[in-house]
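Below is one structure, written out as structure tokens, with a few remarks after it.
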Amino acid sequence: MNDLIDQLSDQLGANGLPYVVPIHPNLVHLTLGLFIAAIAFDIVGTFYRLEKPVFKVLAIPATRASLYDVGWYNMLAAAITTFFTVAAGFYEIMLAQPLTTIKSAWGLEAMETMLWHGVGGVVLLLLIVVMTIWRGFQRFVWRKDRGQEVQWVYLFAGLVVFALMFGHGTLGAHLGGEFGVHVSADRLLQMGEDPSVLLK
């Protein structure tokens, strides 16, 4: 593994990657957006009776079934995207060269932060896949003939996963913001170079 990393090191750019823009942070935001939209639309669908007059006044042709459709397809897309997000994260973390002389705001060193962020990514992947399977059973088996397609406990579990995503995302922010992992401008400033010249 180290031989492969040594061979790649000659081809790495200013951000420590063989490409200009890190892929993992972009996929992270796609995963977050899809998951948040999935739970949000399921919540709106669950409270549809209360919100139906608002939709009517605003002339929004929404139905409860269509809101649940959006919730289901976003959850499915989040599960698929998360596999790529985690894979890109592990690839980019293998090439990371974090600052080792500092600690994060949470008192963790760079390697500890990377370890917790990597383990957290796998745990979140598993949770999102479980949520997607659970959502699929509700949609196609358990509650397919009911007006309320999702269970209350499912919505609560989705909010708990939101909270875990927030903590996990904070670890990722520490890696970039505090340890300079794959942040081109930070890395160039540390080397005494001008990012506005080299990152065109």
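Quick notes on this structure:
- Residues in segment 89-111 that are of a type in the set (Phe, Trp, Tyr) and either part of a loop (DSSP other than H, G, I, E, B) or touching a strand residue (DSSP E or B) at 6+ places or on another chain (Cβ under 8 Å) (or both): Trp106 only.
- The set of residues from segment 53-79 being modelled with pLDDT of 80 or more and surrounded by 15 or more Cβ atoms within 10 Å (Cβ to Cβ) comprises Leu67, Tyr68, Asp69, Val70, Gly71, Trp72, Asn74, Met75, Leu76, Ala77, Ala78, Ala79.
- When Gly158 is tested against the conditions (1) modelled with pLDDT of 85 or more; (2) surrounded by fewer than 19 Cβ atoms within 10 Å (Cβ to Cβ), the lone failure is (2).
- Residue count for segment 77-126, restricted to those that are under 30 Å from Gly45 (Cα atoms) and touching a residue at least 60 places away in the same chain (Cβ under 8 Å): 1
- The one condition from (1) within 25 Å of Trp72 (Cα to Cα); (2) modelled with pLDDT under 90; (3) hydrophobic (A, V, I, L, M, F, W, C) that Met191 does not meet is (1).
- Only one of Gly136, Gly120 that is closer than 21 Å to Pro22 by Cβ and not aliphatic (A, V, I, L, M): Gly120
- Residues of segment 132-155 include at least one that is of a type in the set (Val, Ile, Thr), in a loop (DSSP other than H, G, I, E, B), touching a residue at least 60 places away in the same chain (Cβ under 8 Å) and within 16 Å of Gly71 (Cβ to Cβ).
- Residue in segment 90-98 that is within 19 Å of Val28 (Cβ to Cβ) and polar (S, T, N, Q) present: no
The values are calculated or read from the model by the stated rules, or taken from the named source; none is laboratory data. Being a predicted model, the structure only gives us computed values, none of them experimental. Backbone-built Cβ (ideal geometry, glycine too); neighbour counts: all protein chains shown.
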